[in-house]
Structures are given as structure tokens and as C-alpha cells.
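Notes for the one structure printed next.
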Amino acid sequence: MPAAVLLVFVLACAVLGYRVIAAVPPLLHTPLMSGMNALSGITLLVALSALSHEEPGSLLALAAVVLATGNVVGGFWVTERMLRMFHQRGKQEAEE
Amino acid sequence: MMAWIPDFLLPALLTLGFLLGLRWMRSPRTAVRGNRLGALCMALAVTQAFWRYGVFALPGAWTALGLGAALGWLLAHRVKSIRMPQLVALLNGFGGAASALVIAARIPARDPGAAGLAWLTAVAALTVGSLTFSGSLIAALKLQGYLASRPLRFAGQNQLLLSLGALGLILLLVATVTQQTGALLAIIALALIYGLLMALRVGGADMPVVISFLNSLSGIAAALSGIALGSPLAAGVGTLVGVAGMILTRLMCRAMNRNLAAVLSGFAMPESETEDEAGDEAGAVTGESAPADASQIPDLLQDARRVLIVPGYGMALAQAQQAVKDLMDALEAAGKEVKVAVHPVAGRMPGHMHVLLAEVGVGVEKLYDMAKINHEFAETDVVVAVGACDVMNPAATTAKGTPISGMPILRVAEARAVIVCNLDEKPGYSGVANTLYQEPHVITCWGDAAQTVPEITRRFTQRV
């Protein structure tokens with residue numbers, strides 16, 4: 001992607017992201033943060049691209065893959081666990 | 001092969017998917033779906049990257065992926081809600097480290113003639129990532145209790161941090177222009193030290209601000225590494241994380257009436273003079289009015305129609321969440337209206353108190369945020385505060401020049417009666433004595449809330 005297009009894309013993400021995320025209620029702020037941990041694991045893509053180059057730094061790239069995958073799996077899983085906690089309670093109360 | 005599909009269309013579509021997932025985080029009903037959509041988009045993105053970069057055949061890639069997945073699963077699988085802040089802090093650190101490592105892996109082979117923007121963002125990603133890593137590690141260790149949670153301070157700290165920051169900016173430019181390995185190593189070292197010092201000087205109740213800020217930085221580092229190494233998706237999604245962290249940082253700062261710089265520099269923490277002043281004042285009030293007697297509690301609760309619970313981090317420290325839930329159940333069984341009033345910085349991270357209470361089965365519809373509940377205190381018969389101090393200290397509005405002056409508080413004092421179940425009458429994190437304790441309609445039950453709260457429940461149920 002050319003630099004100018006990339007810049008516009010990033011700015012669009014910032015504006016849309018702000019609008020969407022500012023509407024998340026305080027109740028869900030902890031799951032939001034752990035979900036963001038998962039999303040910051042997006043570096044995994046960059047790490048995989050680095051792995052495709054045969055070069056001396058590939059050990060570092062492997063370490064990056066480990067940590068970024070840890071973020072993705074850990075982040076999504078802990079968020080899922082927390083949200084189920086909220087959701088199941090909500091359902092039970094409604095049924096009672 | 002049409003290059004525009006992987007280059008433009010796919011990143012745009014996946015980003016929209018992530019955004020829709022975040023939109024579903026608006027309500028607990030749809031949030032599970034939102035999180036799963038996010039995970040699906042991430043899985044698609046990673047699969048696409050495997051295919052695109054041709055790393056399917058690399059056993060190393062699969063091993064690393066498996067190791068990382070096991071690590072993440074182990075960390076997340078059994079964590080208790082009280083430990084959530086340290087988990088998030090640790091994962092912030094992982095994110096920062098991954099971004100820095102990716103850049104470090106690619107730099108030896110960098111084309112020296114590469115565009116200035118790519119180099120600048122690469123060096124910036126390296127810096128922000130390293131800083132996030134060391135800062136988050138310290139924050140996690142403090143939260144876990146392996147390091148003392150009180151802020152570390154020494155003479156000349158501000159000057160040192162300022163000079164390090166300035167030096168860092170110069171090094172950033174030098175490293176970008178010269179592209180020398182030495183300059184790059186120097187800036188990594190500097191960023192690591194800076195993160196260390198920054199996190200060490202921050203104390204317990206400031207953690208919500210610091211964790212949010214490091215969350216944001218981990219996203220910014222990911223975005224920068226994406227820009228530097230040509231991954232639009234990483235740039236876009238990293239930006240989302242950066243924005244979310246910034247929104248939360250601002251909310252937390254507002255809830256404490258402090259700015260980010262003040263929190264990070266340890267400024268506006270209790271000075272000895274303000275503490276003495278508050279102490280004197282408190283001492284003077286004690287003589288005038290005799291606080292209400294604990295023996296009235298069962299009567300008070302029995303006569304009450306509306307009860308508000310005010311939880312603080314002390315409740316989590318005492319592991320009294322279940323005791324609070326039991327008290328709520330007993331009150332509700334007796335026909336009382338029970339709600340929980342939650343201050344935004346009541347825990348150690350944004351939304352922490354909600355998770356702690358949801359874990360023991362308190363329904364989310366009973367949890368009310370400060371802005372929604374504050375006007376109801378005046379119509380409340382009894383407030384039961386458990387392990388909360390600063391967030392309901394009237395001194396925040398009445399006294400000037402204290403660390404909490406101007407901080408929005410839960411207006412607990414307006415209720416007809418208040419029962420405080422705190423460990424002792426010592427001030428909270430801010431060091432400002434709580435003037436609430438001296439009010440005639442406040443009953444204090446000092447001691448471990450895991451014992452005092454069940455005792456209240458027992459005496460109340462006996463009466464009913």
C-alpha cells in the first residue's frame with residue numbers, strides 16, 4: 001500500500017474506532033481491555049512476514065510469533081470467559 | 001494475481017469485521033458474539049498471512065505458534081477476576097515486546113536506502129515496544145505483589161526522567177538518520193530503562209490509569225510495526241487498540257481528577273502537610289459528635305426499603321465478594337431494593353469491580369455506574385460500603401489542596417444511614433482522612449470484611 005493510502009487508512013481506523021469504542025459501557029471495560037490485548041497480537045502478521053525472509057534475525061521473529069500468539073489466544077480466551085460470566089447471569093436473572 | 005485483493009480489500013474487510021465486533025461490545029448480550037467475531041477475523045488474518053508469506057512449510061513457525069497458543073491458554077484459563085489486571089498488564093508487555101522483536105528481526109537486513117517514513121516508524125516501534133514491555137512487566141509484578149505497590153521515589157527523579165526522554169528523542173532522530181546498529185541498541189536500552197522507571201514510580205490506586213496507558217502503547221507499537229513493515233492490517237488494528245487505550249486512560253484520569261502527566265510523574269501525591277491538616281480536622285470533629293452505634297445495624301436494615309452497596313478494592317483484597325453477594329441476597333429476600341454503586345476507579349483497572357462482582361454471580365443489571373446512581377443516594381435508606389474509602393470521601397468536594405480535591409465521588413453521605421465495613425479507619429490510597437467516618441449517621445465496622453459483612457448478614461437474617 002502506498003504511504004499516503006496507508007495514512008488515510010490508519011486515520012479512518014482511528015476515527016471509526018473512537019466512535020465505536022467510546023460507546024462501550026464501563027461494565028465491559030475490563031473485557032474490552034483484554035480483547036484489545038488479543039487485537040494487539042495482530043503483530044503476528046508482521047512476525048510471519050519477517051519469518052519468510054531467510055536472515056539472521058529469524059530467531060527474534062520466532063520469539064515475536066510466540067508472544068503475539070500468546071496475546072491472541074490468551075486475550076480472546078480470557079475475554080470469552082469473562083463475557084460468559086456476564087451473559088449467563090443476565091440470562092438467569094431474566095428467566096427467574 | 002490481482003494484488004489489490006490482499007493489499008487493499010482484505011485488510012479493509014477484516015478491519016470492518018473487527019470494528020463490528022467492537023460495536024457488539026456495547027451490551028453484555030451481544031459482547032460474546034463480538035469477541036468471537038474478533039477471534040474469527042484474527043484467525044482469517046493469520047491464515048491469510050501463512051498463505052501469503054509462504055511460511056506453511058516452516059516447522060519453526062508452527063512450533064512458535066503452538067508454544068504461543070499454549071502460553072496464552074495457560075495464562076488465561078484459570079485466572080481469577082482479582083488477578084485480571086496483572087494478566088492484562090502482562091499481555092500489554094507481550095504486545096510491546098512482540099512489536100519490538102519483529103522490528104529487531106528485520107533491521108539487520110534493512111535496505112539502507114529505504115524510505116524515511118519506514119525507518120522512522122521502525123525505530124519508533126522499537127522504542128515504544130521496548131518501553132511498553134519493561135513498563136508492563138513492572139506493573140504486572142507490582143499488581144501481583146512481587147514488587148511493593150507503593151511508588152518508588154528518589155531525589156532528582158523528575159529531572160532524570162525528563163533528561164532521559166529528551167535523550168530518547170535525540171537518539172530516535174540519530175538512529176533514523178544514521179541507521180547505525182549502535183544507535184539502535186542505545187535507543188532500545190534507553191526505552192527499557194525509561195519504561196522501568198516510569199512504572200516503578202506509580203502506586204496502587206493509579207494502576208487503572210497506567211494499565212490503560214500501557215494498553216494504548218502496545219497498540220501504537222503494533223500499528224507502527226505494521227506501517228514500518230508494510231502490513232496495513234496491523235497498522236489499522238494496532239490503531240484501534242491505541243485509540244481504545246487512550247479513551248480508557250482519559251476516563252480513568254477524569255475519574256481521579258488528575259492528568260496523565262501527573263499520574264506518570266507521581267505528582268500530587270500526599271504531601272505531609274495536607275495529611276496533617278486533614279488529620280487535625282478529623283480529630284477535631286471526633287470530639288463533637290458520637291458516631292452511631294453498631295448495634296443499630298439490624299434495625300436500620302430491617303426498616304430500610306432501598307439499600308445501596310458501595311464496593312471498593314478493599315472488598316477484593318478481603319475476598320469478601322461472596323459475603324457481599326450473600327448480604328444482597330438476604331436483603332432482597334426480605335423485599336428490599338438493592339443496587340450496587342460502582343465508582344470508575346474502584347478497582348485496579350477499568351471495569352474491574354464489575355468483573356469481580358459478576359464472578360460471584362451478582363447480576364449485571366444491579367450494577368450502576370457513578371453517573372447513573374449518584375442522584376439516588378439522597379433517596380437511599382442505608383448504604384453499605386465495603387472496602388471503599390477515597391471514592392466516597394466528602395473531603396474531595398469540601399477540602400481544598402488535597403490529592404483528591406475535585407475528584408468526583410459517590411455521594412454516600414447523602415443517604416439516611418451509612419454502614420462502613422473497612423479494615424481500619426486509616427485513609428485510603430490518597431492519604432486523605434475520610435471525613436465521612438465522623439458523620440453522626442455513619443456506623444463504622446472496622447475489621448476484615450470477610451468477617452464483618454457475614455456478621456451483618458447473620459444478625460439481619462436472625463432479626464427477620
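What follows is calculated from the coordinates using simple rules that are stated; it is not laboratory data. Model, not experiment: these values are computed from the prediction. Quick reminder, even Gly has a Cβ in these numbers, built from the backbone with ideal geometry, and neighbours come from all protein chains shown.
Scaled against 2.2 N^0.38 Å for its residue count N, the alpha carbon radius of gyration of segment B:7-106 is 1.25. Mean separation of Cα pairs under 8 Å and 6 or more residues apart, divided by the residue count, gives segment B:287-463 a relative contact order of 30 percent. Here is what passes the span test in chain A: the DSSP H helices with alpha carbon length of 24 Å or more along the helix axis and a Kyte-Doolittle mean of -0.5 or above are A:3-21, A:58-95. Among residues other than B:V263 with Cβ under 13 Å from its Cβ, the summed charge is +3 (Lys and Arg +1, Asp and Glu -1). With respect to chain B, whose longest principal axis is taken over its alpha-carbon atoms, helix B:207-228 is tilted by about 10°.
When +1 charges are put on Lys and Arg Cβ atoms and -1 charges on Asp and Glu Cβ atoms, the dipole computed for the protein assembly as shown relative to its Cα centre reaches about 1680 debye.
Taking amide H positions as modeled 1.01 Å from N, with prolines and chain starts lacking one, the residues under 5 Å from B:V383 and 5 or more places away or on another chain are B:L308, B:A417, B:V418, B:I419. All C-alpha to C-alpha distances of the protein assembly as shown, sorted into 20 Å bins beginning at zero, yield P(r) values of 22, 50, 24, 5, 0 percent in whole numbers.
A straight line joining the Cα centroids of segment B:120-148 and segment A:1-64 runs 17 Å. Excluding same-chain neighbours fewer than eight residues apart, the lysines reachable from B:K325 by a Cα-Cα span under 24 Å are A:K91, B:K80, B:K336, B:K339, B:K366, B:K372.
Hull volume per residue, based on the alpha-carbon atoms of segment B:79-264 and their convex hull, is 116 Å³. The HN-Hα couplings worked out from phi for segment B:368-380 by the Karplus form 6.51 cos²θ - 1.76 cosθ + 1.60 (θ = phi - 60°) are 10, 7, 3, 4, 7, 9, 4, 6, 8, 4, 4, 9, 9 Hz, whole numbers, x standing for Gly and Pro. Computed extension gain for B:Q319 through B:E365, at 0.36 nm per residue and net of the alpha carbon distance, reaches 14.3 nm.
A run of chain B free of exposed loop cleavage sites, with trypsin sites (Lys or Arg not before Pro) counted only in DSSP states other than H, G, I, E and B and at most 13 other beta carbons within 10 Å, reaches its longest extent at B:154-304.
If I fit a long axis through the Cα atoms of helix B:59-77 and take the longest principal axis of the Cα atoms of chain B, what angle between them do I get, 0 to 90°, rounded to 10? Value to nearest ten degrees: 0. Mean silhouette area of segment B:287-463, derived from the convex hull of its C-alpha atoms and averaged over all directions, reads 9.4 nm². Helix-only arithmetic for chain B: the sum of -39500 (n - 2.57) across DSSP H runs with n ≥ 4, divided by the residue total, places the mean residue ellipticity at 222 nm at -19500 deg cm²/dmol. Counting only other chain Cβ atoms within 10 Å of each residue's Cβ, the peptide B:36-44 averages 4.
With contacts taken as Cα pairs under 8 Å at a separation of at least 6 residues, segment B:79-264 carries a relative contact order of 29 percent. Against the longest principal axis of chain B, how steep is helix B:321-333, in degrees 0 to 90 to the nearest 10, with axes from Cα atoms? In chain B, helix B:321-333 runs at an angle near 50 degrees to the longest axis. Contact order, relative form, for chain B: 14 percent (alpha carbon pairs under 8 Å, 6 or more residues apart, mean separation divided by residue count).
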